[in-house]
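Single-structure report; data block below.
The values are calculated or read from the model by the stated rules, or taken from the named source; none is laboratory data. Just so it is clear, the model here is predicted, and its values are computed rather than measured. Quick reminder, even Gly has a Cβ in these numbers, built from the backbone with ideal geometry, and neighbours come from all protein chains shown. These area figures cover heavy atoms from the full protein model, side chains too; ligands, DNA and RNA do not enter into them. Shrake-Rupley method; radii C 1.70, N 1.55, O 1.52, S 1.80 Å.
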Amino acid sequence: MLRKLWNFKENSPLSFKMLGYILVCSSLFTLFATGIQVYADYRKDVSLVDQRMQLIETSYQSSLARSLWSLDQKLLTVQLQGILNLPDIVHLHLKIFPDSEIEMGEIPPRIPTIEYEITLQHSSDDIYELGHLTITASLDEIYKQLRERIFIIMTTQAFKTFFISILILWIFQVLVTRHLGKMANYARSLNINHLETPLRLDRKQATENQPDELQRVTDAINEMRMTLLKDIEKQKRDAAEISKLSLAIDQSPSSVLICDRKWRIVYANQKFSQLTGHNLNSILNKHPRELTHISSDASQNEQLWQNIEVQVERAGMWQGEMHSTRQGGEKFWEQVVITPIKDETNNPKQFLILGEDISVRKRYEQQLLRQANYDLLTGLPNRMLALDRLKLALAQSRRDESKVGLMFLDLDNFKHINDTMGHDAGDSLLIEASRRISSSLRGNSTVARLGGDEFLIILPGLEDPADAELVADRILAAFSAPFILSNQEVFVSTSIGVAIYPIDSENSSTLLQQADAAMYQAKNRGKSSFHRFTPDLNQQSRERLKLETQLRKAMEHNELRLFYQPIVETASGKVVGAEALLRWSNPMLGMVAPDKFIPLAEETGLITAMGNWVLQTACKAVKNWQDESGEELTMAVNVSPRQFRDARFVDSVRDALLANNLKSECLELEITERLLLDDSIETYEILNQLDEMGVRLSVDDFGTGYSALSYLKSYPFDSLKIDRSFVKDVMTESEDAALVTAIITMAHSLGLKVVGEGVEDSAQLNFLRNKGCDFAQGYYYNRPVPEQDFSEWFNENLRARAS
């Protein structure tokens, strides 16, 4: 029997595996079913014992209680003996209150038992608890019965499972595995020399409508056999052609064309068809030149191929790049190598043309060339290409004895737009500005972006220098229309500097410097204008460069100073604070005016570091004054737009307050109206963070910018400062007096305090006081002075007011 099973395993491993799976699954199911059945029987037997216990309680509880109550020990003993004689009852324990007990029988060791407790009570007028009877029942008989049942069930199921498995295995062997073995043997013997005999199984043929799995596999194997027969026949037919082309295909790194001695195409491989879209039938017997495109002039294409044919015959190879044509007419770049296929006499009998698509490489080369010469944002020539074109224009001008105009453009207030409205708006502005500049020029002119908001215009072939000024006027007119940035109208002008070759200079680099200097002169004259270079601008340009160089060293050399001007309550004359004003004292330049170096600091980005220094220094000064005088003075500090947009601005304010242990309400930040133009979420968030810190906020120079009541309502300002230009003429100009009065009234209606700047005499002070202005500031009280001088002046003021 074992030998048969072993042979069965060797011949039909699939059947043997199936037998194993059947036995395992059947055994698991038998164990599971047996377990459920045995557990159910066990629970049933245990429940019978429980029922017997309940019956004992029902039958003996009252009689036992009466025996206990009457103290009839003999009757009690008889009753207990009767319970002990019942089936499965092995032990009784009677607890008699208060301290007596009776015990009968014994609990056998290592035999499972269950206990049941009966409470004995006597009822008359009251209920008396007499004791507890604990009955112990043995489960030994139940366990013996369970073991017998398990043995019978397992034995029966094992025999049943074994015989059913053998039956199923035999059926599977007859119906499936013997056929699978035959299929395996047939497939193993299948080769190109034994394809005549189809596969047939020794079984009843399945119906054509409902073939079973074995039939489908048989049909598939037979179909594969027929396919192989057809392929072999086709291979025999193609053998001659494959023999002719094998040498060329083996040598080809990419697409392949084979031409005969007269350069007529006789073969194209699959790669060529993929590359060009042409199939062999469409190009057969054509000359390769019909697939290339040198220019619209057919004679140039003809000449190229004549040179190629000559070079291939003489040198034995030609290689190079050419413009080829796809089937749809699309042009593409191709790297081509052409070599002859020689016969036994070393004479060319065919020509092999190998091609590789290099369009992607060419595009990358063109892209790199464009990136190297053009600005990615605007598409205009960049500085490198502009300088090359300038040199070419100057060279051409020398030959033609004409003039060249060079214009240097810079957008006015671009940094403000970029800072307040974001870089996307700045990019949109640059793109539109480049379009407007380009539309103002003639065809042979060049406009280039040098970087940032700077543009360069080259005007070659000028007859009269005044022509450059006409172009500048057209550009200024083009900038008069508003720009639409983020769905908002913004007016942006440009300043233009003009230099003329050869009048101003014959050198390109000098000409650039001169146009740059002229542009800065146009900015200094009020922007939105152009300026022709004059020799004195060289000196101004050098001075500006010198000023920038010295400014970059100013903080390192401790050249910056803070001066302080008092802010006084108009009604009482009490000094409530001071405004910190930045000054620069340079050993070479002397005391530099703020209107000269602060715009330069804004432009170069130095203003952020300077602003942080001002915050720290001013907070330290006011804290010292508070400690000396006991007065809670405030310090007003101006904030530039660029400093305000710095990502760490709020942190720098907080750091200055913490470093100097200064209350936040003692610091007032003065914001210009220009900074509020964008009305952005970023501005709102920064101002609210400062307001939540407790820092006071003030609108500086109110009335000089783009005043709007909306931001006074929207932003958490505490006060506004009337610009000195209005206060100066309040006694002589009725318009200024009315305007100042209106500003004070409006500010008070919005809950804002008002500070009048530039108060120089008592008449101005009395006017402001009578109109309800809260505070005043100006030379009438004191000029801006250093920290120590301000401290002395303030102490004198305190003593004067005290006396």
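Applying the condition of being surrounded by 11 or more Cβ atoms within 10 Å (Cβ to Cβ) and of a type outside the set (A, V, I, L, M) to the range 228-237 and asking which residue is farthest from Pro198 (Cα to Cα) yields Gln235. The residues of the range 736-781 that are of a type in the set (Gly, Ala, Ser) and under 23 Å from Pro716 (Cα atoms), listed by number, are Ala742, Ala747, Ser749, Gly751, Gly756, Gly772, Ala776.
Being over 41 Å from the mean Cα position of the chain (by Cα) and either surrounded by 18 or more Cβ atoms within 10 Å (Cβ to Cβ) or farther than 29 Å from Tyr780 by Cα (or both) narrows it down to one of Leu615, Leu600, Leu551, Leu582, so name that one.
Values: Leu615 fails: over 41 Å from the mean Cα position of the chain (by Cα); Leu600 fails: over 41 Å from the mean Cα position of the chain (by Cα); Leu551 fails: over 41 Å from the mean Cα position of the chain (by Cα).
Matching residue, one of Leu615, Leu600, Leu551, Leu582: Leu582.
Being free of Cβ contacts under 8 Å to residues at least 40 places away in the same chain and open to solvent by 50 Å² or more (accessible area, probe 1.4 Å) holds for only one residue in Lys331, Lys349, and it is Lys331.
Which of the residues belonging to the range 46-97 are of a type in the set (A, V, I, L, M) and under 16 Å from Glu129 (Cα atoms)? Listed by number, the residues that qualify are Leu64, Ala65, Leu68, Leu71, Leu94, Ile96. Restricting attention to the range 524-548, the residues that are at pLDDT 75 or above, under 23 Å from Ile503 (Cβ atoms), open to solvent by 70 Å² or more (accessible area, probe 1.4 Å) and not in a loop (DSSP other than H, G, I, E, B) add up to 1.
Of the conditions (1) open to solvent by 30 Å² or more (accessible area, probe 1.4 Å); (2) outside any loop (DSSP other than H, G, I, E, B); (3) at pLDDT 80 or above; (4) not small (Gly, Ala, Ser), Arg674 satisfies every one except a single condition; which number is it? Result: Arg674 passes all but (3). The test for being open to solvent by less than 80 Å² (accessible area, probe 1.4 Å), touching a Ser or Thr at 6+ places or on another chain (Cβ under 7 Å) and among the aliphatic types (A, V, I, L, M) does not hold for Leu304.
Taking the range 619-640, which residues are part of a helix (DSSP H, G or I) and crowded, with 21+ Cβ neighbours inside 10 Å? Correct list: Cys619, Ala621, Val622, Trp625. Considering the range 763-786 alone, what residues qualify as being under 18 Å from Ala571 (Cβ atoms), open to solvent by 60 Å² or more (accessible area, probe 1.4 Å) and not aromatic (Phe, Trp, Tyr)? Residues satisfying the conditions are Asn766, Arg769, Asn770, Lys771.
In the range 25-71, which residue that is closer than 25 Å to Ile96 by Cβ and hydroxyl-bearing (Ser, Thr, Tyr) is least open to solvent (accessible area, probe 1.4 Å)?
Ser67
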